1. Working only within region 134-154, note down all residues that are under 17 Å from residue 180 (Cβ atoms) and among the charged types (D, E, K, R).
2. Taking residue 29 as meeting all but one of (1) under 25 Å from residue 170 (Cα atoms); (2) at pLDDT 80 or above, write down the number of the exception.
3. Report, by residue number, each residue of region 41-83 that is of a type in the set (Lys, Arg) and assigned to a strand (DSSP E or B).
4. Exactly one of (1) hydrophobic (A, V, I, L, M, F, W, C); (2) out of contact with any Leu (no Cβ under 7 Å at 6 or more places or on another chain); (3) open to solvent by less than 60 Å² (accessible area, probe 1.4 Å); (4) at pLDDT 75 or above is unmet by residue 39. Its number?
5. Please go through region 132-158 and give me each residue that is touching a helix residue (DSSP H, G or I) at 6+ places or on another chain (Cβ under 9 Å), more than 21 Å from residue 50 (Cβ to Cβ) and charged (D, E, K, R), ordered by number.
6. Return the only residue of 187, 183 being open to solvent by less than 60 Å² (accessible area, probe 1.4 Å) and part of a loop (DSSP other than H, G, I, E, B).
7. Has region 113-120 got any residue that is modelled with pLDDT under 90 and assigned to a strand (DSSP E or B)?
8. Here are some residues: 166, 177. Which one is assigned to a strand (DSSP E or B) and crowded, with 19+ Cβ neighbours inside 10 Å?
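The values are calculated or read from the model by the stated rules, or taken from the named source; none is laboratory data. Because the structure is a prediction, the values reported are computed rather than measured. Cβ placement follows ideal geometry from the backbone for every residue including glycine, while neighbour counts extend to all protein chains displayed. The accessibility values were calculated without ligands, DNA or RNA, using every heavy atom of the protein model including side chains. Shrake-Rupley method; radii C 1.70, N 1.55, O 1.52, S 1.80 Å.
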Amino acid sequence: MTIRRRTTYALILVGLAAIVAGTIHSRTAAPRGNVSELVARALSRDAGIDYVARVITRTQYNGKSIETHATVYHQGITEKVEYSGAAGRRVWSMLRDGKSYTYLPKENRLLVSETSKMLSDVCRSKLLAGNYRAVSDGMDRVAGRDAYVVDISSRYNGRPSKKLWIDKQHLTVLKSIDYSAAGDERGSTEMMRI
């Protein structure tokens, strides 16, 4: 092999090594800034992103597991969740203009209730930081999107905890797992497709 060819191969190998190292680093990189603030922004209802997502929620209760499928339509501060039902009848709920609407097709009823005012991101961040520890657990992919993984545990013993996967680009919660005070999984919600 000529020196020129060896140099070319060496440069290609170094380039590939840099790409692999960058990929590994980006998969484990922590979010920049305060993790509690990141969580507070992700939990904010006024996220300025519009999306439609297919969601599966799994709940464990009393030794039984329940699975619910839904479609979430999110536009500005309005969100509609349409749950799959038997025989094509769909239950849906919607948050809009400070009110919660829930339609029950079996009873042909629409329930309307007032919702509480949401805290500002600053107040939510202070409340979260005062009562919980939010710790970065690296990066993962959910629904084909890069996501920060955050463990949230109470500052007080004997309380439940949670793990969130937060979309890196839009700061939307893509997946969450709830744990009991004993550390057992109680339920989870995951966006399957956006």
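1. Once the filter is applied, which keeps residues that are under 17 Å from residue 180 (Cβ atoms) and among the charged types (D, E, K, R), region 134-154 yields only 151.
2. Unmet for residue 29, out of (1) under 25 Å from residue 170 (Cα atoms); (2) at pLDDT 80 or above: (2).
3. Listed by number, the residues that qualify are 54, 58, 64, 80.
4. Every listed condition holds for residue 39 apart from (2).
5. Once the filter is applied, which keeps residues that are touching a helix residue (DSSP H, G or I) at 6+ places or on another chain (Cβ under 9 Å), more than 21 Å from residue 50 (Cβ to Cβ) and charged (D, E, K, R), region 132-158 yields 133, 140, 141, 155.
6. 183
7. For region 113-120, residues modelled with pLDDT under 90 and assigned to a strand (DSSP E or B): present.
8. 166
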